[in-house]
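Have a look at the structure below, then the notes.
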Amino acid sequence: MTEGAMTFRNKIYVTVFGILKFIAVLFFLGFVAVRAAEASDNAREQEIVTGPEPHDIRLVSFDPWVVEGEVMGTVAAYVYNDVTTERPADYWELYDKEGNLLAVSWFDQFGIQRTAIDRGIAEQEDKLEGIFVVVLDGDPT
């Protein structure tokens, strides 16, 4: 074989490998797009938990929060001005001694009790962040 024939064969190999690489990249991008679409579909199916909806509420108690004989803060309990619920409290807030809000709990529009705690507590930090995370099944989300 001549040197020119080898060069031509190499050009064919390079061209074929280039086409195969292009096809492989297309398959990979298609796979990534399908995975992204599946993730998006799963995200739509996940439950979206929002904070308490605005209600007309009435304070029914404001009591000390006592743990092992020591006052740790206060608990404020509220009821919605809705005669259809028979709960003693529909919404409560937990404050520390300094008056910082630590946690809230409420019943959503489906009657499911929700609880949110300060992210600083959830992440076991020494300071409060003022950002609340919802607790589901005992785990902050």
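Odds and ends about this structure:
- Shape call, region 59-129: gyration tensor on alpha carbons, a/c limit 1.5: oblate
- Amide hydrogen proximity for E129: with H placed 1.01 Å from N in the peptide plane, the residues at 5 or more positions away or on another chain lying under 5 Å are R119, G120, I121.
- Annotation: peptides 65-72, 94-101, ranked by per-residue average of other Cβ atoms within 10 Å with the highest first, follow the order 94-101, 65-72.
- Difference of contour (0.36 nm per residue) and Cα-Cα distance, F62 to E129: 21.7 nm
Read-outs: derived from the displayed coordinates by stated rules, not from any lab. Predicted, not measured: the structure shown is a model, and the values here were computed from it. Note that we place each Cβ from the backbone using ideal geometry, even for glycine, and neighbour counts take in every protein chain shown.
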